[in-house]
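The structure appears below as structure tokens.
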Amino acid sequence: MGFVAALQEHGKPVAGHRPWPRVDGDEDLWRQAVLGLAAGEATLLGLWSDGQAVHLALAEEAACEPLVLSLAVRCGRFPSVAHTHAPAMRLERALRDLYGLEVDGSPDLRRWLDHGRWGLRAPLGRQQNSDVGGDTYTFRTAEGPPLHQIPVGPVHAGIIEPGHFRFTANGETVVRLEERLGYVHKGIDRLMGGAPIARAARLAGRVSGDSTVAYALAFARAVEAAQGNVPPPRAIWLRALMAELERLANHLGDIGAICNDASFSLIHAHCSILREQVLRVASACFGHRLMMDCIVPGGVAVDVASDRIPLLRTLVRTIGRRFPELVELYDNTASLQNRTVTTGILRAELARQYGAGGFVGRASGRAHDARKSPGYPPYTMLAFDVPTRSAGDVDARVWVRIEEVRQSLALIEQIVDRLPAGATLSAGQGGEDKEGMALVEGFRGDVLCWLRLTGDTVTCCHLRDPSWFQWPLLEAAVEGNIVADFPLCNKSFNCSYSGHDL
Amino acid sequence: MRKLLFQSLLQKSLTEPPPLPEDAALAQLAQSVNRAAMQRLGRSLSIREVDAGSCNGCELEIHALGNAFYDLERFGLRFVASPRHADVLLVTGPVTKNMREALERTYRATPDPKWVVAMGDCAIDCGVFAGSYACAGPVSAVIPVDLRISGCPPAPIDILKGLLALLAQTSAS
């Protein structure tokens, strides 16, 4: 019997949680789960709370059928996961900030999302008033005569999201990088509580704008799982079409931006043209360049008119023709390779331990893809590969993106060829309390959505961005690199600030 | 690389003709741009972008302004790395309480004359995040706003129309 199956057997099943099981457990079972995570028996998928209990989602790498283990919160406390399994650290700190839960044995008691500015402590828990002057934050130290600190952010030099990076450097070499995030915390978890499904779907689509399709899909699939609603076939295929267009646009943007951060602007200029062409086709097909609010629970809100299908075919042909020239240029430019090869290496063990998704994991040998496992339609009916590399450097993350561009182009072609006709929306049923969950592959990795419904109202919803497990790895990957290579490393990870800060 | 550069030379330019400045934006700006400032700036504006809490959708479309189709820099508009070099702050997102001080300090670091553009529905009225304990309010609740560009996110062409209106006002003498 597998590790997760054993956990499931020892727990008490919770009715009305779909599509994967949720079990209630005691502290002993919780500790077993945590020890298993630390031993690499399973991967941590998420850690969240609804105020009454803490929920731990985990899955085995091979057969990715997730399990949610719940532990009732006793006297406002629960045993630390991060104490044994470090990847849970920031999730745990966020739980303490939002719900005011005390974490027994937590190795890090600093606040994470709460900067002491809300005028409120534990906004989803006791809601105690506080002042808004801001807390002091103690960064980890690295000491010795030649070391100096470089503070960067929250307002950065480029057009990027806000966050603070504290470098400790020895001359040019980064000895330690510590991130401080939470600047764009918008209180999404609390806005979700009590929101009608339609409003909650709009919120989900704005957790991280670059992944709006992935988030809307994760939210829709979780609602549908809870309600036992199956969207019509055409809607399912259109969703995949949008998801691949989003992946394509983001990867093209990233490949260009990484080259630009290595001061090679020619590829950036050409990739930006291709990206713009993708967004224009998306706008022509779905009425919105980023396809925001196009996926709704029950199906899709917009159908593609048949006269727009040729645009998609032309797009695939154009990129299929132009992209290889850019790849060739990337591959043959020594000055560019000099910057990307062996820069910002992420070790395979760390990628596996943190369950890093997307190009970050795949460039370090972790082949997980939510489209394959647990898998969801229509990908189960489509042919595609999950490219991996083993070098773990910036170059490997570029190559994974390059391969994924090719895969997405092939997927779009298959989808357009086989797009079924028919309705695009099916109404869900309200009724008694239900819980649903979904795991969807966005361009940067797996997005997890868990929610509880009462009738047509979302009573509790948690969305976990892949960045939660990628941000800490950036700190590890940067160590020993020169300060000037940080933007390059950072762009090759391209973690979401907004998706992480919620 | 030579092949690619050569192709670009032979190819027709992708850059599209500029849109007309938006009338509504011109009206909004009529009051906030004074003549002395106009003369000092000439036909050029430096823009500092500040994400004060956006979902990053607006940033994607601001990035798009730099591509060959919109080519923002042909208008004398450019993005700068520091507020100390900027004439315009282009602010996105509902201002989160965690970003409020950073936005205020960025504003104070920007030399006069300066203008603030609130870009995107969140920057204008907090959008879907209105009422959150973590949001300080729209940009206008924190610093004075001269121009609003709506949309979620606004398409690059709409951002361009707004910025051109700003340029038209600041350079009209």
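Computed quantities for the displayed model
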read-out	value
Radius of gyration and maximum dimension Dmax of the stretch A:409-452, Cα, Å	15.7, 42
Scattering profile of the stretch A:421-502 at q = 0.16, 0.21 Å⁻¹ [log10 I(q)/I(0), Debye over alpha-carbon scatterers]	-0.76, -1.00
Cα-centred dipole magnitude for chain A, charges only on beta-carbon of K, R (+1) and D, E (-1), debye, nearest 20	860
Proxy reagent accessibility, fewest Cβ within 10 Å first, across A:TYR183, B:TYR107	B:TYR107, A:TYR183
Ordering of A:472-480, B:146-154 by burial proxy (mean other Cβ atoms within 10 Å per residue, highest first)	B:146-154, A:472-480
Relative pair counts by distance (%), Cα atoms of the stretch A:361-445, 10 Å bins	14, 36, 29, 15, 6, 0
Cβ-defined net charge surrounding A:LEU69, 9 Å radius [Lys, Arg +1; Asp, Glu -1]	0
P(r) of the stretch A:87-227 over all Cα-Cα pairs, binned every 5 Å from zero, in whole percent	2, 8, 13, 16, 17, 17, 13, 8, 4, 2, 1, 0, 0
Mean Cα-pair separation over length for chain A, i.e. relative contact order, pairs under 8 Å, 6 or more apart, %	18
Cα-centre dipole for the stretch A:142-253 with unit charges at Cβ (Lys and Arg positive, Asp and Glu negative), debye to 20	540
Shielding of A:413-423 by partner chains, average beta-carbon count, 10 Å	0
14 Å Cα-Cα reach of B:LYS114 towards aspartates and glutamates, excluding residues that sit fewer than 8 places from it in its own chain	B:GLU49, B:ASP87, B:GLU104, B:ASP146
Radius 11 Å from Cβ of A:THR43, net charge of other residues (Lys, Arg +1; Asp, Glu -1)	-2
Hydrodynamic radius by Kirkwood, which averages 1/r over all alpha carbon pairs of the stretch A:7-54, in angstrom	11.8
Neighbour net charge for A:GLY25 - beta-carbon separation under 12 angstrom, K R +1, D E -1	-2
Projected label distance in nm at A:ALA39 and A:MET1, using a 7 Å step from Cα toward the beta-carbon	1.5
Full-stretch length increase - A:SER426, A:SER306 - with 0.36 nm per residue and alpha-carbon distance subtracted	41.1 nm
Ranked A:ARG317, A:ARG247, criterion: other C-beta atoms within 10 Å, fewest first	A:ARG317, A:ARG247
B:LYS12, A:LYS434, B:LYS3 arranged by Cβ crowding within 10 Å, fewest neighbours leading	B:LYS12, B:LYS3, A:LYS434
Antiparallel content of DSSP bridges confined to the protein assembly as shown, in %, to 5	70
Dipole of the stretch A:159-202, positive end: most advanced residue of A:TYR183, A:ALA200, A:ASN170 [Cβ charges, Cα centre]	A:ALA200
Chain lengthening between A:LEU147 and A:ASP26 when straightened (0.36 nm per residue, less Cα-Cα)	38.9 nm
Scattering profile of chain A at q = 0.10, 0.11, 0.14 Å⁻¹ [log10 I(q)/I(0), Debye over alpha-carbon scatterers]	-0.77, -0.94, -1.52
Candidate lysines for bridging to B:LYS12, where Cα separation is under 29 Å - those fewer than 8 sequence places away on the same chain excluded	B:LYS3, B:LYS161
Long-range lysine pairs (8 or more apart or interchain), chain A, Cα under 28 Å	5
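Computed from the coordinates by the stated procedures, all read-outs in this text should not be read as laboratory data. Predicted, not measured: the structure shown is a model, and the values here were computed from it. Here the Cβ is made from the backbone with ideal geometry for all residues, glycine too, and neighbour counts use every protein chain on show.
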